[in-house]
Structures are given as C-alpha cells and as structure tokens.
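Peer 1: A single structure is presented below for examination.
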Amino acid sequence: MLCISSEGGLMTKTYTGIDCMTEMFKDVADNSIVYFHNLGFDGTFFMKYGFKQIIKKGSKIISMKATYNGKNINFKDSFSLFPKALKSFPQSFPDSFKNLDVQKELFPYDYYTYDKIYEQVDIESYLDGNNIVIGNVDDAIKTTKWNDEEINVFKQNITKMNCWIDREENTFDMMKYCEFYCSQDVNVLRIGFNAFVEATKNDPINMNLHDYLTLPALANAYLTKKVFVPNKNVYELNGMVQKFIQQSVYGGRCMTANNKRYNIKGIKIADFDACSLYPSAMRRMFTVEGIPEFYESPDKEMIYDKNNLPDILVHAMDENQTKPTETKYYSQFFVEIEIVKVGIMREFPLIVKREENKQTNCNECVKMVVDMLTLQDLITFQDISFKLGNGYVMKGKRDHRIRSVIQNLFDLRAQYKKDKNPTQEVIKLIMNSAYGKTIQKPIKTYLQFVKADEYEWFVQNRFHQIIKIDKIGDSDTHLFELQKMKAKQFNNVVFGTTVLSMSKRIMNEVMCLAEDLGIKIWYQDTDSMHIEADKVDFLNEQFKNKYGRELIGENIMGCFHSDFDEIPDAIADVHISLGKKMYYDRLVNEKGDKSEHFRMKGIPQIVIKNTAEKQFDGNVMALYEYLYNGNSLTFDCLDGRVAFNF
C-alpha cells in the first residue's frame with residue numbers, strides 16, 4: 001500500500017497491489033520532488049525502479065533521483081531537513097493543524113503479517129482489490145502493549161473510520177484501517193512540511209528549503225550569507241591544509257567521572273544543562289580572516305608549560321580582540337603537540353586519546369592536534385607540559401559579526417516562541433545545526449545504480465573505482481559504491497573547530513571550577529552534567545567571583561539551568577551510570593511526583609522496558625543495578641518494534 005498527496009492536497013491517492021509503486025510513478029509529474037519522512041526505509045522498496053543517483057549516509061538515504069518513462073523524479077528525505085517525528089508536527093506548527101482532526105497513531109504493527117493476509121485470501125487477488133481482509137480487534141490488541149486508554153482510542157478510531165465489519169464478532173477491515181493511517185501520515189507530513197517551508201521563507205531566514213538536502217546544508221548557507229560572504233576575506237579550505245586542521249576537531253565530551261561506574265543513592269542530583277551550547281559558543285567566538293600559513297616549530301624537543309609559553313601563545317590575541325597588534329597578532333592556530341606531563345589530573349579530562357576511530361578523554365600523555373583555544377585550556381585547566389610540533393597559524397583580523405548574528409537569531413526565536421510563530425522552530429534548528437557542515441569531512445565515495453544491460457561495460461570501465469557491488473533484490477539493477485577520482489570538497493573547518501573548542505571552554509569553566517571546589521559531578525554528555533543539586537547555588541556564587549558573569553539563567557546564552565524534563569522541578573535521588581550514554585535516574589520533586597529518566601545507547605527505550613518487564617518484574621532500576629554489579633544481559637532489539645526483511 002502506498003499513499004501520496006500533492007503539495008496543495010488537491011490530489012490524494014492510495015495505491016495497492018504488487019505494482020503500486022509503478023502506478024504511483026505514472027501519476028507523478030515530470031521534475032517532481034517527492035518527500036518521504038524516512039527515505040532510508042521507503043527508498044529501499046523503490047531502488048529497483050530506474051533510479052540513477054542516490055545520496056546515503058550510513059543507512060540513511062538523503063535523496064534519490066530516477067528517470068521513469070522519460071520523467072525525472074527526485075525523492076528527498078524530509079527528516080534530514082526537519083529531524084522530528086511526524087507526531088511532533090502539530091505541536092511545532094499548531095496554526096497549520098488548527099482545523100485538522102489528527103488521530104493518535106495507534107497501529108497494531110505486529111498483527112499485520114503477510115501470513116495473516118495470505119491465510120484469508122489469495123494475495124494477488126487481494127492486492128487487485130477483490131477481497132477484504134478481516135481482523136479481530138481483541139487479537140490485534142494482544143499483539144500490542146497498549147494501556148486501557150490507548151485500547152479505547154483504537155476502538156474509537158475503528159468507529160470513526162467506519163472500519164467495523166461485525167461488532168458482535170468484534171471484527172474490523174484491516175486494510176481500510178491501514179489506509180486510514182497511511183493517508184493520515186501523508187497528510188500530516190504535507191501540512192507540517194509546507195508550514196516548515198513557509199516559515200523558512202520568512203524573516204530572518206529568507207531561504208527556499210527545497211534548494212537543500214539537509215538541515216546543516218541550509219544552516220551553512222545561512223551562515224555563508226550572513227557571516228562569511230559579508231566579510232569578503234573568510235575562506236573555505238581543502239587539500240592538505242584542511243586535512244591537518246580537521247585533526248583538531250573533537251566531538252563533545254561524553255563520559256562518567258574517571259570513566260568508572262556509579263550507583264548513587266541518598267544524594268540529590270541535578271541535570272545541569274548549558275543553554276543552547278553551540279549558539280552560546282558562537283555568541284562568544286569569532287571568524288578569522290585570511291588563509292592559514294605553515295608554521296615550523298622552532299625547537300621540537302623544547303618542553304613548554306605555563307611558565308615557558310611558545311611564541312604562538314605569547315603573541316596570541318585576547319578572546320575579545322579584533323585587530324592584531326605588535327605584541328598580540330596570532331588570531332588562531334592549529335599545531336601538533338606531544339603532552340609530556342599532566343600537572344592536574346581531572347575527573348573529566350580535556351586530553352583526548354584517539355585509537356581506531358575511538359575517542360577517549362584521559363589524563364595520559366598523548367599526541368594531539370589542537371587549536372589555540374584547546375591548547376590554552378589544556379594549560380589552564382590541566383597544567384600540561386608539552387612539546388610543540390609543526391602546524392598552521394593565522395594572523396588576520398577576527399570578525400565578531402557571528403556574535404551579533406547568532407544573538408539576533410536567539411532573540412527573535414524567543415519572541416517568535418512567545419508569539420507562537422512557527423518560524424521559531426526553524427530558527428532553533430538552524431542555530432543548533434549551523435556549524436555541522438563546516439567540519440564535514442571530504443566525501444571520498446559515491447553510489448550509482450547500474451542496469452543489467454550496462455553491467456559488463458560498467459565493470460570493465462570502472463574496475464579501478466569499484467569498492468562494493470550490491471544486487472537490488474530480484475531486480476536487474478545493481479548498486480555500485482565507487483571511489484571518487486578527486487576529492488574537491490571545501491569547508492570552513494577553521495570556523496567549525498573554533499565552535500567546538502569554544503563550546504568545550506564553556507563546559508570546562510564550570511566543571512573544572514566545580515571539581516576544584518569539591519563539588520561532585522558523576523556524568524557529562526556534551527552540554528549537560530549530573531551534579532550535586534544542593535551545591536549548585538554555591539557554584540553559582542564562586543563562578544560569578546571568578547568569571548564576573550552569571551552562571552544560572554533560563555533561556556540566556558552562556559548560562560546553565562536544571563533540566564530534567566519528565567516532571568517539574570525534578571531532582572534524581574538515584575543515579576546509576578554504567579558508561580557513555582548508559583545511565584538511569586529515578587526522579588522526584590517536592591510535590592511527591594515520581595518518574596524515571598534512562599537511556600542505553602543502541603537499545604531503544606521500549607526494548608529496555610520490555611526486558612525489565614520480563615526479567616525484573618517491570619523494575620527498570622533493578623535492570624540497571626544488575627548490569628552495574630557486573631552481570632550481562634541480552635536485549636532483543638526487535639522486542640516491541642517493527643522489522644522487515646528485504
């Protein structure tokens with residue numbers, strides 16, 4: 001089954017049958033853009049239908065281009081532009097959904113099996129529209145984990161959609177109910193995405209969303225228009241210079257204190273979050289004019305420290321300085337260092353060790369490629385001694401235009417949010433995605449579909465580029481992964497690196513001060529930390545004394561606030577951390593409300609809950625304690641979820 005709608009909603013259609021996809025192609029106009037809200041799933045079914053180009057990132061399909069019966073059709077992934085679930089669209093764009101009755105999505109996925117349809121009717125006969133597939137409501141409910149309210153909504157939906165076959169027998173039309181949900185999802189996507197497109201056209205963005213494939217690409221185009229181009233002396237880089245500077249890109253720090261496990265009870269713990277961390281970093285940073293120059297270390301065996309700084313730090317510009325002077329003229333640099341001594345051991349170290357695509361924060365002596373901000377922070381917060389290698393330096397002016405641009409966006413977003421203007425959603429997404437494209441690594445491979453009649457010729461002529469060949473199902477099409485002959489991708493890696501380094505400085509200032517004051521932090525995930533709740537006010541006072549600015553504040557860039565979302569004013573009275581992105585919090589507040597907050601990277605929450613239900617009497621905390629005590633568990637990642645074989 002396949003449902004589509006035109007942009008304005010004047011044409012809606014549902015296709016069923018073995019050839020439903022080819023039937024859809026017949027109705028889609030030449031040069032059309034067709035959006036799917038998870039093309040990585042839907043696109044898999046379409047691969048055998050004449051596609052020529054595909055852009056993928058991992059299992060995610062961003063776009064596919066087809067030529068079918070002389071028509072050019074472009075499939076795009078709307079999730080890459082608006083990375084939220086369909087169910088969130090009405091909340092994001094309430095005015096657009098004001099008069100639309102969007103039913104709560106309750107669909108018994110596990111009840112809809114090929115065998116269930118096939119046991120009733122000849123499958124080809126059914127798909128030609130000649131039969132009804134009868135389902136039993138009670139049997140359908142048994143395949144779900146719905147509560148009483150959800151069960152009632154399911155039955156109400158069957159009534160509203162006139163899907164009952166026999167109320168006494170408790171039977172319903174399975175395919176009619178399926179069509180209802182399929183068409184509703186398409187309508188929600190159409191209305192919500194159109195609202196997003198229109199909001200993007202408004203001030204302050206003024207851009208056409210259809211011109212871009214991903215949100216980072218849109219955000220980068222906005223920065224280019226507002227920050228980089230007006231300066232006229234800010235350059236993108238490629239080649240060896242780009243490759244070297246790219247080594248100074250380090251993702252956000254995510255770890256437990258000292259990389260150990262914790263089971264904390266009887267202490268009030270706050271989830272202390274930075275307000276808009278990456279926009280806050282941009283509000284405090286700069287862009288650098290000019291082109292990097294090669295820097296040769298004057299003495300690679302010299303050991304430097306806080307009392308014996310190298311010339312690039314002695315003559316480094318101050319954070320708010322815009323023009324070079326005779327004594328402070330290095331605006332940014334990227335150099336290799338070898339740490340030979342760590343003076344201050346931190347529970348959340350700044351030092352990063354890279355091993356086989358793995359990044360670990362540690363207190364060890366390692367080699368790193370660092371920019372100016374990172375090296376300054378390593379000296380300030382960990383008192384390192386180091387040897388200095390070669391690299392690149394920049395001596396141009398610092399442009400602070402990014403500060404006013406991002407502050408303007410932040411203020412407008414706050415006003416639009418207050419006015420319930422959907423443009424606020426666009427601004428929020430752009431602010432948080434603005435730096436991503438600037439540190440994108442060169443794309444060294446590409447994908448191409450090849451039909452059977454071209455296969456031998458293609459292999460013979462492209463054998464030197466071929467990395468991998470996959471046959472698409474039972475079709476006559478193969479998907480080739482090919483090596484690009486030349487990588488000509490430019491990016492503004494200087495800007496992206498500076499954003500990440502400044503964001504870490506914002507976190508380091510708070511966390512290192514807390515550690516120096518004896519305030520315990522157990523876990524950090526990039527922009528947030530689990531910290532002793534009763535000592536946050538004391539930390540705020542000491543932070544103001546040291547840095548001369550406020551630490552605590554709601555919706556103020558550069559400030560922090562407590563942010564457990566599940567219940568108001570919550571703290572954790574139990575915290576179990578097992579490792580990176582693996583933790584549990586039992587939440588309470590003064591009103592007596594209770595909740596839980598937990599995650600386990602790679603394991604969906606529904607799977608964790610179902611495993612706890614089966615093995616720990618529904619006690620999720622007991623599951624985490626079991627793992628904390630050194631035991632192992634096997635999770636069925638399809639438990640309670642839908643999966644398909646292709």
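The values are calculated or read from the model by the stated rules, or taken from the named source; none is laboratory data. Note that the structure is a prediction, hence the values are computed from the model and not measured. Glycine also receives a Cβ, built like all others from the backbone with ideal geometry; neighbour counts cover every protein chain displayed. Side chains are part of the model used for accessible areas, which takes the heavy atoms of the whole protein and leaves out ligands, DNA and RNA. Shrake-Rupley method; radii C 1.70, N 1.55, O 1.52, S 1.80 Å.
Peer 1: Could you please let me know if Ile291 is β-branched (Val, Ile, Thr), within 24 Å of Val241 (Cα to Cα), touching a strand residue (DSSP E or B) at 6+ places or on another chain (Cβ under 9 Å) and open to solvent by 20 Å² or more (accessible area, probe 1.4 Å)?
Peer 2: Values: β-branched (Val, Ile, Thr): yes; within 24 Å of Val241 (Cα to Cα): yes; touching a strand residue (DSSP E or B) at 6+ places or on another chain (Cβ under 9 Å): yes; open to solvent by 20 Å² or more (accessible area, probe 1.4 Å): yes.
Spelling it out, Ile291 is indeed β-branched (Val, Ile, Thr), within 24 Å of Val241 (Cα to Cα), touching a strand residue (DSSP E or B) at 6+ places or on another chain (Cβ under 9 Å) and open to solvent by 20 Å² or more (accessible area, probe 1.4 Å).
Peer 1: So, one more: Residues Met507, Met511: which one is under 30 Å from Glu236 (Cβ atoms), in contact (Cβ under 8 Å) with a residue 60 or more places away in the chain and assigned to a helix (DSSP H, G or I)?
Peer 2: The match here is Met507.
Peer 1: Can you name the residue in the range 69-87 that is surrounded by fewer than 17 Cβ atoms within 10 Å (Cβ to Cβ) and of a type in the set (Lys, Arg) and, of all such residues, is modelled with the lowest pLDDT?
Peer 2: Lys87
Peer 1: Can you tell me which residue within the range 543-573, out of those that are of a type in the set (A, V, I, L, M, F, W, C) and farther than 19 Å from Glu515 by Cα, is most open to solvent (accessible area, probe 1.4 Å)?
Peer 2: Checking each candidate, the answer is Ile556.
Peer 1: Can you name every residue in the range 386-436 that is open to solvent by 40 Å² or more (accessible area, probe 1.4 Å), closer than 18 Å to Asn231 by Cα and small (Gly, Ala, Ser)?
Peer 2: If the condition is that a residue be open to solvent by 40 Å² or more (accessible area, probe 1.4 Å), closer than 18 Å to Asn231 by Cα and small (Gly, Ala, Ser), then Ser404 is the only one that fits.
Peer 1: Follow-up. Within the range 410-441, can you find the residues that are in contact with a helix residue (DSSP H, G or I) (Cβ under 7 Å, 6 or more places away or on another chain), under 28 Å from Lys488 (Cβ atoms) and part of a loop (DSSP other than H, G, I, E, B)?
Peer 2: Answer for the range 410-441, where residues must be in contact with a helix residue (DSSP H, G or I) (Cβ under 7 Å, 6 or more places away or on another chain), under 28 Å from Lys488 (Cβ atoms) and part of a loop (DSSP other than H, G, I, E, B): Ala434, Tyr435, Lys441.
Peer 1: Assess whether Phe51 counts as being of a type outside the set (A, V, I, L, M), without any contact (Cβ under 8 Å) to a residue 60 or more places away in the chain and crowded, with 18+ Cβ neighbours inside 10 Å.
Peer 2: no
Peer 1: Would you check if Glu319 is open to solvent by 10 Å² or more (accessible area, probe 1.4 Å), assigned to a loop (DSSP other than H, G, I, E, B) and either modelled with pLDDT under 95 or in contact with a Gly (Cβ under 7 Å, 6 or more places away or on another chain) (or both)?
Peer 2: Yes.
Peer 1: Considering only residues that are under 30 Å from Ala434 (Cα atoms) and free of Cβ contacts under 8 Å to residues at least 24 places away in the same chain, look in the range 446-491 and name the one that is least open to solvent (accessible area, probe 1.4 Å).
Peer 2: Filtering the range 446-491 for residues that are under 30 Å from Ala434 (Cα atoms) and free of Cβ contacts under 8 Å to residues at least 24 places away in the same chain, the one least open to solvent (accessible area, probe 1.4 Å) comes out as Met485.
Peer 1: Out of Ala140, Ala66, I need the residue that is of a type in the set (Gly, Ala, Ser), open to solvent by less than 60 Å² (accessible area, probe 1.4 Å), at pLDDT 85 or above and part of a helix (DSSP H, G or I). Which one?
Peer 2: The unique qualifying residue is Ala140.
Peer 1: Also, I was wondering about something else. Take the range 165-214 and flag every residue that is among the acidic types (Asp, Glu) and closer than 27 Å to Asp139 by Cα.
Peer 2: Passing the criteria: Asp166, Glu168, Glu169, Asp173, Glu179, Asp185.
Peer 1: I need the strands (runs of 3 or more DSSP E) fully contained in the range 563-646, keeping only those with at least 2 residues that are touching a His at 6+ places or on another chain (Cβ under 9 Å). Show your work before the answer.
Peer 2: Numbers: elements: 571-579, 582-588, 594-600.
By residue number, 571-579, 582-588.
Peer 1: State whether one or more residues within the range 251-260 are surrounded by 22 or more Cβ atoms within 10 Å (Cβ to Cβ), over 24 Å from the mean Cα position of the chain (by Cα) and not basic (Lys, Arg).
Peer 2: no
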